[in-house]
Amino acid sequence: MNIDWIIGALGALIVSGAAYKKRSLSLSGMLAAFVMGTIYYGAGNLFWFGILLLFFVSSSVFSHFRGDRKAELEKSYAKSGRRDAGQVLANGGLGMLACLGNLFWPDPAWAYFFVGTMAAVTADTWATEWGGLSKSEPRSILNGRRVLPGTSGGVTLLGSAAALAGAVCIGGAAWLLRMWTGDDTYSEVGSALLAMVKWGLIGGISGLAGAFADSWLGATIQYMHRCVVCGKEIEVEEHCGRSTEHLRGFRWMDNDMVNLLSSLAAGLLAWGIGMIG
């Protein structure tokens with residue numbers, strides 16, 4: 001067996017095991033993360049594994065930051081706190097496929113697509129975690145009207161700024177890791193700086209677009225319920241001790257599917273930007 005697969009398996013085991021112990025992952029989430037991390041490093045290299053690790057660690061840290069203030073909002077979400085296998089695959093599954101695609105058919109397009117998907121899920125996660133701490137009421141992405149905190153499709157300035165920061169962070173990490181692994185080499189400082197700007201734009205534009213796509217899908221076709229007691233628009237089937245009523249959306253369009261589709265759109269956008277540039 002190639003040594004990279006062994007290194008990937010050990011690294012993935014350490015990270016996923018620690019996340020399970022910290023209650024950031026459920027058992028199914030830990031197993032999915034182990035398999036995913038092994039493939040990211042074994043089939044790829046530190047570029048692929050490092051970006052996955054950056055997303056996962058930063059998201060886990062932010063999810064526990066000021067958790068007391070976000071506890072009430074999480075009651076409206078179908079999934080929160082400990083990520084299960086579905087969430088892990090929705091966030092990193094497309095990137096894993098891109099990594100395998102690059103293994104069998106090497107092409108820079110796979111890296112652009114991968115960075116776009118990871119920028120999107122990072123932007124969305126950072127927006128959710130920081131937006132939940134915003135002192136201002138969120139506004140609907142559809143019409144700009146004020147909505148209750150936790151409403152799907154609600155955006156805040158703080159959350160949007162966090163989304164952009166997360167997306168650019170992924171782009172910047174891509175630039176550094178591509179140089180570190182030797183996937184990209186530059187003979188002059190100027191060309192290296194231009195590459196930094198390029199990767200920053202790829203991550204920033206595609207990631208922010210993916211985060212807003214996630215909000216738009218959440219506000220239009222995601223399967224949502226309404227609490228018959230407090231009137232909140234929520235993802236769960238029970239709230240305030242009572243069964244909820246169906247509000248809108250398709251039953252198959254849950255939060256994981258929304259994440260998957262928005263990251264797919266972001267990946268395609270990043271691929272287009274990268275190939276044009």
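The values are calculated or read from the model by the stated rules, or taken from the named source; none is laboratory data. This is a predicted model, so every value here is computed, not measured. Counting neighbours? That spans all protein chains shown, and the Cβs are built from the backbone with ideal geometry, glycine included.
When region 119-132 is filtered for residues that are among the aliphatic types (A, V, I, L, M) and either outside any helix (DSSP H, G or I) or modelled with pLDDT under 95 (or both), only 127 remains. The residue that is farthest from residue 118 (Cα to Cα), among those in region 175-187 that are in a helix (DSSP H, G or I) and aromatic (Phe, Trp, Tyr), is 180. Considering every residue within region 182-191, establish whether at least one is crowded, with 16+ Cβ neighbours inside 10 Å, modelled with pLDDT of 90 or more, of a type in the set (D, E, K, R) and over 14 Å from the mean Cα position of the chain (by Cα). Checked against the condition, which is being crowded, with 16+ Cβ neighbours inside 10 Å, modelled with pLDDT of 90 or more, of a type in the set (D, E, K, R) and over 14 Å from the mean Cα position of the chain (by Cα), region 182-191 yields no hits at all. From the list 116, 17, the one residue that fits, being over 30 Å from residue 185 (Cβ atoms) and either outside any loop (DSSP other than H, G, I, E, B) or at pLDDT 90 or above (or both), is 17.
Would you check which residues across region 20-42 are surrounded by 21 or more Cβ atoms within 10 Å (Cβ to Cβ) and of a type in the set (A, V, I, L, M) and list them? Selection gives 25, 30, 32, 33, 36, 39. Would you mind stating whether residue 228 is touching a strand residue (DSSP E or B) at 6+ places or on another chain (Cβ under 7 Å) and of a type in the set (Val, Ile, Thr)? Yes.
If you filter region 135-156 down to residues that are of a type outside the set (A, V, I, L, M, F, W, C) and closer than 19 Å to residue 210 by Cβ, you find that the one that is surrounded by the most Cβ atoms within 10 Å (Cβ to Cβ) is 152. When 159, 172 are checked against the criterion of being surrounded by fewer than 20 Cβ atoms within 10 Å (Cβ to Cβ), closer than 25 Å to residue 117 by Cα and free of Cβ contacts under 8 Å to residues at least 40 places away in the same chain, 172 stands alone in meeting it. If you check residue 197 against the conditions, is it buried (at least 21 other Cβ atoms within 10 Å of the Cβ), part of a helix (DSSP H, G or I) and out of contact with any Leu (no Cβ under 6 Å at 6 or more places or on another chain)? Answer is no for this residue.
On inspection, residue 124 fails the criterion of being acidic (Asp, Glu) and more than 18 Å from residue 262 (Cα to Cα). Screening residue 101 against (1) touching a residue at least 60 places away in the same chain (Cβ under 8 Å); (2) assigned to a helix (DSSP H, G or I) leaves a single unmet condition, (1).
Kindly indicate whether residue 110 is over 17 Å from residue 268 (Cα atoms), assigned to a helix (DSSP H, G or I), of a type outside the set (Lys, Arg) and at pLDDT 90 or above. For residue 110, the condition - over 17 Å from residue 268 (Cα atoms), assigned to a helix (DSSP H, G or I), of a type outside the set (Lys, Arg) and at pLDDT 90 or above - is not met. Looking across region 237-262, just one residue is touching a Leu at 6+ places or on another chain (Cβ under 8 Å) and assigned to a loop (DSSP other than H, G, I, E, B), and that is 253. Residues in region 215-231 that are closer than 16 Å to residue 250 by Cβ, touching a residue at least 60 places away in the same chain (Cβ under 8 Å) and in a helix (DSSP H, G or I): 216, 218, 219, 220.
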